[in-house]
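Here's the structure, in structure tokens; my notes come after.
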Amino acid sequence: MNKRPNILITGVSTGIGLDAAEHLIKQGYHVFGSVRKPADAKRVQQALGEHFTPLLFDVTDAKAITTAVEQVQQQVGDAGLCALVNNSGVSGAAPLMYEPVDDVRKMFEVNVFGLLQVTQAFLPLLGARENCPHAPGRLINISSISGGLVFPFVGAYGGSKHAVEAFSDALRRELGIFGIKVIAIEPGNIRTPIWEKSHEADQRFAATAYASHMAKMPAILAKMGKNGAPPELVSKTILRAIETKRPKTRYPLTPLWRLSRVLGDGALDLLTKAAMGIK
């Protein structure tokens with residue numbers, strides 16, 4: 001059994017998840033982290049050392065999640081988990097008028113239903129049960145600025161993150177009976193490899209009215225990634241959400257989140273369209 005407090009983070013192969021795992025290990029935690037490929041499990045294990053345990057599962061794979069729960073239970077025993085960080089997610093850019101519904105459905109399967117499936121499976125280890133032998137843990141959902149402000153061409157992603165916000169609110173109000181605190185963290189652009197996946201324009205929309213806009217998208221996304229905040233901003237916020245006695249219900253990490261609360265729709269339309277190259 002680990003003597004360190006135990007945390008589970010989904011999606012630790014790269015980006016925010018990997019940085020958060022490294023940061024929390026340095027702060028004295030043992031981190032369980034989900035990856036989808038054995039090669040990633042080996043690589044991250046070698047990078048993070050003995051206080052990291054890889055878990056092989058995709059957040060959409062119920063059977064693999066059940067196996068992971070059993071593995072974690074055996075290792076943590078009555079100590080349970082002090083936090084579950086739902087970080088796994090996918091993104092994409094496309095005009096909703098033409099975006100295949102199957103693509104939208106896949107995004108929701110990962111970002112929303114996968115998050116809920118993992119949460120339901122691990123909640124008993126966070127303390128959502130009677131006569132729990134350990135203090136209640138915390139549930140931390142990595143949301144996005146898109147959970148409050150949706151830009152053109154990322155409507156599907158924004159819709160999924162709005163759902164994460166709604167789930168976080170409901171879970172916070174429901175899990176209070178167990179003493180489990182639920183926190184949403186809402187980053188803006190973060191410098192991670194996710195921005196490197198869109199080097200070429202999406203040719204599916206070359207014959208549509210959005211062809212010129214989609215042709216600009218790789219450059220726009222590259223600029224967003226280059227100018228993004230470092231991933232340690234999110235990692236430090238995760239640590240604060242875990243260790244603060246009275247954590248906030250949400251941590252917006254970009255001023256745009258606050259702007260969306262004070263500007264009218266007209267001003268927001270102009271702002272978001274300009275950001276995505278729409279005149």
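The values are calculated or read from the model by the stated rules, or taken from the named source; none is laboratory data. Everything numeric in this text was worked out from a predicted model, so none of it was measured. Here the Cβ positions follow ideal geometry from the backbone for every residue, glycine too, while neighbour counts run over all protein chains shown.
Residues in the stretch 221-274 that are of a type in the set (G, A, S) and surrounded by 14 or more Cβ atoms within 10 Å (Cβ to Cβ): A222, G225, G228, A229, S235, A241, S260. Considering only residues in the stretch 125-146 that are touching a residue at least 40 places away in the same chain (Cβ under 8 Å) and assigned to a helix (DSSP H, G or I), the one that is nearest to A184 (Cα to Cα) turns out to be I145.
Given the structure, is G159 modelled with pLDDT of 95 or more, buried (at least 18 other Cβ atoms within 10 Å of the Cβ) and either acidic (D, E) or in contact with a Cys (Cβ under 7 Å, 6 or more places away or on another chain) (or both)? It is false that G159 is modelled with pLDDT of 95 or more, buried (at least 18 other Cβ atoms within 10 Å of the Cβ) and either acidic (D, E) or in contact with a Cys (Cβ under 7 Å, 6 or more places away or on another chain) (or both). Considering every residue within the stretch 253-266, establish whether at least one is outside any helix (DSSP H, G or I), in contact (Cβ under 8 Å) with a residue 24 or more places away in the chain and closer than 23 Å to I183 by Cα. Checking the stretch 253-266: at least one residue is outside any helix (DSSP H, G or I), in contact (Cβ under 8 Å) with a residue 24 or more places away in the chain and closer than 23 Å to I183 by Cα. Which members of the stretch 26-82 meet the condition of being under 23 Å from I238 (Cα atoms), assigned to a loop (DSSP other than H, G, I, E, B) and in contact with an Asp or Glu (Cβ under 9 Å, 6 or more places away or on another chain)? Of everything in the stretch 26-82, those that are under 23 Å from I238 (Cα atoms), assigned to a loop (DSSP other than H, G, I, E, B) and in contact with an Asp or Glu (Cβ under 9 Å, 6 or more places away or on another chain) turn out to be Q27, R36, V59. Per the conditions (1) outside any helix (DSSP H, G or I); (2) at pLDDT 95 or above; (3) of a type in the set (D, E, K, R), the sole criterion not satisfied by E200 is (2). Only one of G28, G33, G17 is on the phi > 0 side of the Ramachandran plot, out of contact with any His (no Cβ under 6 Å at 6 or more places or on another chain) and in contact (Cβ under 8 Å) with a residue 24 or more places away in the chain. Can you tell me which? The match here is G28. Looking across the stretch 83-112, the residues that are of a type outside the set (S, T, Y), assigned to a loop (DSSP other than H, G, I, E, B) and either under 18 Å from the mean Cα position of the chain (by Cα) or under 21 Å from D61 (Cα atoms) (or both) come down to N87, G89, V90, G92, A93. When L84, L55, L24 are checked against the criterion of being crowded, with 22+ Cβ neighbours inside 10 Å and more than 30 Å from V150 (Cβ to Cβ), L24 stands alone in meeting it.
Yes/no matrix, rows are residues, columns are (1) modelled with pLDDT of 95 or more; (2) hydrophobic (A, V, I, L, M, F, W, C); (3) within 27 Å of Y29 (Cβ to Cβ):
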site	(1), (2), (3)
M107	yes, yes, no
Q117	yes, no, yes
P124	yes, no, yes
N131	no, no, yes
R138	yes, no, yes
F153	no, yes, no
V164	yes, yes, yes
F167	yes, yes, yes
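Just to verify a result, which residue in the stretch 170-191, among those that are in contact (Cβ under 8 Å) with a residue 24 or more places away in the chain and in a helix (DSSP H, G or I), is farthest from the chain's Cα centre (by Cα)? Once the filter is applied, the top-ranked residue is F178.
Out of curiosity, is I7 touching a residue at least 40 places away in the same chain (Cβ under 8 Å) and either more than 21 Å from R138 (Cβ to Cβ) or assigned to a strand (DSSP E or B) (or both)? Criteria met by I7. Screening L149, L116 for residues that are more than 19 Å from G17 (Cβ to Cβ) and in contact (Cβ under 8 Å) with a residue 12 or more places away in the chain leaves exactly one candidate, L149. Close contacts from the stretch 53-65, counting a first residue that is among the β-branched types (V, I, T) and a second that is assigned to a strand (DSSP E or B), with Cβ to Cβ under 8 Å and a gap of 6+ residues or different chains, come to T53/H30; T53/V31; T53/F32; T53/G33; V59/S34.
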